[in-house]
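Asks: Sending over a structure as structure tokens; questions will come in a sec.
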Amino acid sequence: MQRRWPRIKKIFLIVLMVYIGVGLLLFLVQDIFLFHPTPLPANHKFSFQQDFEEENITINDRNLHFIKFHPTKEKKGLVLFFHGNMKNVEHYRTYPGFFTDKGYEVWMPDYPGFGKSTGKRSEENMNQDALLLYDRALENNDAANILLYGKSMGTGVASFTASKRDSRQLILETPYYSIRALARQYLPVYPVGLLAKYSFPVNQYLQDVKEPVTIIHGSNDEIISVKQSRKLKKEHPAASLIEIEGGKHNNLASFDLFKQTLDSLLQ
């Protein structure tokens, strides 16, 4: 036993060093795991099926760029759409039609470093941009006609906005309980509460949301487990949870139940 102890101690130290090293690496590169932006030059020409225009809001040394999609019939309201963590607004080109065809204008912003939006990306800046966009929208729209929609990563931003501003309703597609809870789903052996630079605590935001909340999640989501939405529903029983059987993370829009749910909410 005495001979084995130095060997066991050596193995333990190696495992500990690897554990710490991997944890440090994850801390340093977590933005790479969380965000997958595709920047675009300022002169990039967008091509969408819907009638649209581009707008910018200058914030100190950075630029918030967003697309306005115009409704195809008499305007009923405005949807602020906060997209996921992939590429830029072009990646979500299939979504505006769900709303514009029902008479809703859609504003879809890009986060810092995505598309034509510039500047340092941080939770604070993403949330600040969302409030600035909402306040711009409120200049020509009543709060009762503004809908907040978040998809995946955007559910944190949408929930934060709903906790700070009035609107008609909040719709969350494939949300997480919080970024830290999502990290624990993938890295249960690490103290993610200490390592994560982002939190987006959707569970806490919903405590301050007064408007109706609808959660849409696929039962077979391979990226954000539906358990995250079930936990949100358990803590916020007033929220509606639409669980799409067989749905994955990026294919919910192809299900009839998804379309029926949106049609009902947009009446």
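Read the figures in this text as sums done on the coordinates, not as results from a lab. None of these values were measured; they are calculated from a predicted model. Ideal geometry is used to build each Cβ from the backbone, glycine not excepted, and the neighbour counts take in all protein chains shown.
Asks: Which of the trypsin sites (Lys or Arg not before Pro) across the stretch 204-267 are loop residues per DSSP, with 13 or fewer other Cβ within 10 Å?
Replies: Passing both the DSSP loop test and the Cβ count: 210.
Asks: Could you please report the charge total around residue 56, scoring K, R as +1 and D, E as -1 over all other residues with beta-carbon less than 14 angstrom from its beta-carbon?
Replies: After counting each charged neighbour, the total is -2.
Asks: Can you figure out the FRET efficiency of residue 208 with residue 101, using R₀ = 30 Å and their beta-carbon distance, to the nearest 0.05?
Replies: After rounding to 0.05, the efficiency reads 0.40.
Asks: Under a point-charge model restricted to the Cβ atoms of Lys and Arg (+1) and Asp and Glu (-1), what is the dipole moment magnitude of the stretch 35-265 relative to its Cα centre, in debye to the nearest 20?
Replies: Working: 28 positive and 27 negative charges, 119 e Å.
Dipole about the Cα centre, nearest 20: 580 debye.
Asks: Now for a different question. At residue 70 and residue 91, where each label point lies 7 Å from the Cα along Cα→Cβ, what is the point-to-point distance in nanometres?
Replies: 2.9 nm
Asks: Given a cut-off of 20 Å, name the pairs among 210/233; 76/248; 151/259 whose C-alpha atoms lie farther apart than that in the structure shown.
Replies: Pairs exceeding 20 Å: 76/248.
Asks: Please rank 134, 176, fewest neighbouring Cβ atoms within 10 Å first, as an exposure proxy.
Replies: So the residues, fewest neighbours to most, are 134, 176.
Asks: A follow-up question, please. Hey, with R₀ at 25 Å, roughly what FRET efficiency would residue 36 and residue 267 work out to, going by the Cβ-Cβ distance, to 0.05?
Replies: So, using R0 = 25 Å, E works out to roughly 0.10.
Asks: Taking the Cα-to-Cβ direction at residue 254 and at residue 166 and moving 7 Å from each Cα, how far apart do the two end points lie in nm?
Replies: 4.2 nm
Asks: Still on this model: Using 0.36 nm times the number of residues separating residue 245 and residue 55, minus their current alpha carbon distance, what extension gain do you get?
Replies: Extra length available between residue 245 and residue 55 comes to 64.6 nm.
Asks: Can I ask one more? Using the count of nearby Cβ atoms within 10 Å as a rough guide to exposure, how do 91, 44 rank from fewest to most?
Replies: 44, 91
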